[in-house]
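One structure is given here, and the rest of the page talks about it.
The values are calculated or read from the model by the stated rules, or taken from the named source; none is laboratory data. Since the structure is predicted, the reported quantities are computational estimates derived from the model, not experimental observations. Note: ideal-geometry Cβ built from the backbone for every residue, glycine included; neighbour counts use all protein chains shown. For accessibility, only protein heavy atoms count, side chains too; no ligands or nucleic acids. Shrake-Rupley method; radii C 1.70, N 1.55, O 1.52, S 1.80 Å.
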Amino acid sequence: MTLTEKDSQYLWHPYTQHKTAQTPIAITKGEGALLWDENSKEYIDAIASWWVNPFGHSNRFIADAVYKQLTTLEHVLFGGFTHEPAVKVAEKLMEILPANQQKIFFSDNGSTSVEVAIKVALQYFFNKGEKRTTIIAFENAFHGDTFAAMAASGISFYTQAFQGMFIDVVRIPVPVKGEEQASFDALKKVIQQYNCAGFIFEPLVQGAAGMVMYEAEALNELIQICAANNVLTIADEVMTGFGKTGKTFAMDYVEQKPDMMCLSKALTGGTIPMAITTFTQEIFEAFYDDDINKALFHGHTFTANPTGCAAALASFELLQTPEMQANLVRVNASHLAFQEHIKNHSKVTTTRVLGTIFALEIKKENEESYYGTMRTKLYNFFIENGIILRPVGNIVYILPPYIITDEQLQKVYEVVENALEII
Ligand SMILES: *Cc1c(COP(=O)(O)O)cnc(C)c1O
C-alpha cells in the first residue's frame, strides 16, 4: 500500500469533505522552498505550508537549536515552574513588539491565542465589575476554529452548524480603500448600541478571506475610536507576524498600538506548534489581585514548551539577520514587478501586494464560492505544474518562504500567468 492508501484508511484531514476530496499528496521530504512527494515529484511551496514557514523546510539552524534543547530539557510543566527558553522568548519579544506590550502568555496554536485574548477581554471587564460582553469583529474575518475564535470569524460556511451557540459578536465592514468612513461609522454605532468589551481584527491583511488588504491609517482610526470608548483592541497577527508584511509586525505600520496581540504560525519558523498572546501591563493588572477569582484560569499542558521556545528563539535570530531582511525586500520587489506585468491582463480584476504577500483576483462569470469549480481547476493546474498554491475562490495569492530563490519565484509567477489561460 502507498502512503496515500494507508492515509485514506485512517486519517481525517482538516477542512476536507472526504467523500468528494481528491486524495492527499504524500510529502516525504522538504528543503528550502521545495517539497518532494512519494513519487519524487518536486513542488515549490509557494504558500509556506499555510503561512508558517519563512526560512525554508528542514532548516538546520532551527533543527540544531531544537536538538540541543531536546537533549537538555525537553519539557517541564509551566504551572509553578519556569525555564530559561521561556524567559528568553519573553525578553526577545519585548525588544521587537510594540512598546506597550508588556506581558506574554503561551499556548499552542493560533486559534487558542485568539481564544485567550477574547477570554481576557471579557474577564477584564468582569474583574472590574463592568458588564461588557460583546466582541466586535470584521466581516469575513478568520480567527480560528475554537469556539470564541469561530464566533469572531465571519466566513460563514465554516461556522454554520454552530450558529446560536456563540458568544455575542457584532460585525463591521473592513475599511478597504474608499469605504473607510462606513467602517468608522459602523464601529461608532456598534459601540453605542452594545456593551462592547473588545474589537478583534487581522491588521492590514485578512488572510483567509483571500489576502484582503486595507490601509494602516484606517486601522489607526478604528483603534483610536476603541481607545476613546475603553474597548480593548486585539491585533490577530497570527498570519501577519514575523515579517510577512515587510515589517516584523503589521502593527509596526500603525501608530496606535493594540491592547493585545496574537502570534503563532511563523513564531517557530514553521517547526513546532506554539502560540503567544501578548498584553499591556494595564490588562495584566486587572487580573492581579488578592482575590484568586480574578486570576486568568486558562492553561494548556504544553504551555511554554521549552523545545518550542528554542525553535522560536532560533527563528527570531534568523529573521533579524541582514540576509533575511534582504530577502523580505527582494521578495517584495519581485512581487511588485510581477504586479506591474500582470495587472492589466484581461482576466485580472485587481492585484495587491504588501511585503511578501501577493494576491490577484480573477474575473469570474458566476459567483465563485470558497471551494468552487474555478478554485479546483486552478488548484489542480498549480499542482500539475509543481506549485503549491491554494486559491480562495477566484483569488490566487502567493506567500512564499522568504528564502525562495528568484528562479523559483519566477516559475511561480509563470505558472500563475499560464493559469489565467485555462480559466
Ligand atoms: C491561521 C490563523 C488563525 C488560526 O491559527 P491556527 O494555528 O490554525 O489555530 C487565527 N488567526 C489568523 C489571522 C490566522 O491566519
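For this structure, a couple of remarks:
- Among the trypsin sites (Lys or Arg not before Pro) in the range 91-133, those placed in a DSSP loop whose Cβ has at most 12 other Cβ atoms within 10 Å are Lys128, Lys131.
- Overall, the accessible surface of the range 124-195 at a probe of 1.4 angstrom is composed of carbon and sulfur to the extent of 51 percent.
- Cα-only Debye scattering, the range 48-156: base-10 log of I(q)/I(0) at q = 0.11, 0.13 Å⁻¹: -0.55, -0.76
- Among Gly144, Gly308, Gly80: highest mean-square fluctuation, GNM of the chain, C-alpha pairs under 10 Å: Gly80
- Annotation: lysines with alpha-carbon distance below 18 angstrom to Lys244 (same-chain offsets under eight excluded): Lys265.
- When the Gaussian network model of the chain links Cα atoms closer than 10 Å, the mean-square fluctuations of Tyr15, Tyr397, Tyr413 top out at Tyr15.
- Residues of type lysines that Lys177 reaches as a straight line, Cα spacing below 18 Å, ignoring anything fewer than 8 places off in the same chain: Lys343
- D (Stokes-Einstein, µm²/s), Kirkwood Cα radius, the chain, 0.890 mPa s at 25 °C: 109
- DSSP-defined beta bridges in the range 64-319 - what % are antiparallel, rounded to 5: 40
- Of the solvent-accessible surface of the range 242-297, computed with a 1.4 Å probe and all protein chains present, 48% belongs to carbon and sulfur.
- Spatially, the range 181-223 and the range 76-91 are offset by 34 Å when compared through their Cα centroids.
- 5 angstrom amide H check on Gly32, placed H, neighbours 5+ away: His57
- Centroid-to-centroid separation of the range 146-161 and the range 301-322 [C-alpha atoms, Å]: 30
- Shown for the chain are the DSSP H helices of 24 Å or more along their axis, judged by Cα atoms, with a mean Kyte-Doolittle hydropathy of at least -1.0: 110-127, 322-342, 406-422.
- The chain: calculated mean residue ellipticity at 222 nm from DSSP helix runs of at least 4, using -39500 (n - 2.57): -11500 deg cm²/dmol
- Taking each of Lys88/Lys119; Lys131/Lys257; Lys188/Lys364; Lys6/Lys347; Lys29/Lys411 in turn, the alpha-carbon distance tops 29 angstrom for Lys188/Lys364; Lys6/Lys347.
- Among Ala186, Ala228, Ala86, the largest mean-square fluctuation in a Gaussian network model of the chain (Cα springs under 10 Å) belongs to Ala228.
- What the phi angles of the range 345-358 give under the Karplus curve with 6.51, -1.76 and 1.60, with θ = phi - 60°, is a coupling list of 4, 4, 9, 9, 8, 9, 10, 8, 9, 9, x, 8, 9, 10 Hz, glycine and proline written as x.
- Amide H contacts of Ala275 (H built 1.01 Å from N, in plane; Pro and chain starts excluded): Ser107, Asp108, Asn109 sit under 5 Å, all sequence-distant by 5 or more or on other chains.
- Distant-in-sequence amide H partners of Ile167 (H built 1.01 Å from N, under 5 Å): none
- Phi-derived couplings, Karplus 6.51 cos²θ - 1.76 cosθ + 1.60 at θ = phi - 60°, listed residue by residue for the range 266-271: 7, 3, 10, x, x, 10 Hz, with x used for Gly and Pro.
- With all protein chains modelled, accessible area of Thr72 [1.4 Å, Å²]: 110
- All aspartates and glutamates inside 12 Å of Lys294 as judged from Cα atoms, apart from same-chain residues fewer than 8 positions distant: Glu285
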